[in-house]
Amino acid sequence: MLQEFKILSAEIRGYFGLDDKRKAVLRIWLSCAWNYLFAVIKFATGFITWNGYFCINGLYTWLFGFAKRQFIAKEREKIVDEGLLLKKFRMMGVCVGLAGCSYIVYIGLFYLQENKRVYSMEEGICIALFSFIDIGMAFYNLLGKKRESKNDLLLFGKKLISIAAALPAMVMTETSLNSFASNQPTSFYDGMFGIGVGLVIIVIGIGMAVYSKKVKT
């Protein structure tokens, strides 16, 4: 573990001298570490405050981090066995599906709260802008570089993970815009939209798992 951190530290310092593939792996590793760090913080906050809301949110974050870890493991361990690659791709799908389930629970708990934050128009527009950029980049990485990921199943899986992880930004955008644009309570509609997004994430995860089985057979 210590040796791996030394290697990563050297790669970070010499980032601009790395080839494109090593840069991509390093970025994914940092993203994965970010997920794990925030998951630990959320779990700790949930236990300290005895609030299941934070724990569910932490589980959601950890699952996406663990899904990304499958791609990193493949690169670090130089895995080429097709059966093992399919298992890791399937694990990615399982993690995404479970993340979708935890997100639905998270949304249910959030919208049961009576006091939710009201966003200003400026905040709502900024949230919408960054959300569209986040989602747009995820779809660009999936559709704009087909040649790069044509024969790399786990890289394709990582791109699907990025899309699934970006989708909740749509819920935050819809909620923030409704908070100042509508004079009527919109919690029910915001919650239903969030549940719909959670179901889409689950479908992505199931699709990945089913695809791995189909390719194997």
Only sites in a loop by DSSP and with at most 14 other Cβ atoms within 10 Å count here; which chymotrypsin sites (Phe, Trp or Tyr not before Pro) in region 40-80 make the cut? TRP50
Beyond 27 Å (Cα-Cα) in this structure, taken from LYS78/LYS214; LYS158/LYS213; LYS42/LYS68; LYS42/LYS87, we find LYS42/LYS87
Please sort by residue number the trypsin sites (Lys or Arg not before Pro) in region 59-114 whose DSSP state is loop and whose Cβ has at most 15 other Cβ atoms within 10 Å. LYS78
Which value, in Å² rounded to 10, gives the accessible area of SER179 with a 1.4 Å probe and all protein chains present? 30
Tell me, how many Å apart are the Cα centres for region 69-98 and for region 154-179? 22
With a 1.4 Å probe and all protein chains kept in place, how do PHE130, PHE38 rank by accessible area, largest first? PHE130, PHE38
Taking every Cα atom in region 9-66, find the radius of gyration and the maximum pairwise distance Dmax, and write them in Å. 15.1, 47
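The values are calculated or read from the model by the stated rules, or taken from the named source; none is laboratory data. Predicted, not measured: the structure shown is a model, and the values here were computed from it. Every residue, glycine as well, gets a Cβ built from its backbone with ideal geometry; the counts of neighbours run over all protein chains shown. For accessibility, only protein heavy atoms count, side chains too; no ligands or nucleic acids. Shrake-Rupley method; radii C 1.70, N 1.55, O 1.52, S 1.80 Å.
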